[in-house]
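Everything on this sheet refers to the single structure shown next.
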Amino acid sequence: MHKFMRRPQVEAATGLPTSTLYELIGKGQFPRPIKLTPRIVGWIETDVMDWQRQRLAANGRLVTG
């Protein structure tokens, strides 16, 4: 089962403001949200977590156990 995150949750999890999120999405550097309803979008939690792991790995901070 997938868990959806709304924008405030994504901002809290990543520390990125809305403008930066959408800039990265436009550049293909952050997962695109999906339409949940005609007026509401959300991100799949595992997509956001994968992006975080990629950022950690790119900065030599990913610790594997």
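Where a number appears in this text, it was derived from the coordinates with a stated rule and is not lab data. None of these values were measured; they are calculated from a predicted model. Here Cβ is always computed from backbone atoms with ideal geometry, including for glycine, and neighbour counts include all displayed protein chains.
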Qualifying positions in region 6-26 - within 19 Å of ARG39 (Cα to Cα) and in contact with a Phe, Trp or Tyr (Cβ under 9 Å, 6 or more places away or on another chain): ARG6, ARG7, GLN9, VAL10, LEU21, TYR22
Restricting attention to region 24-65, the residues that are closer than 19 Å to PHE4 by Cβ, of a type in the set (Ser, Thr, Tyr) and not in a helix (DSSP H, G or I) number exactly 1
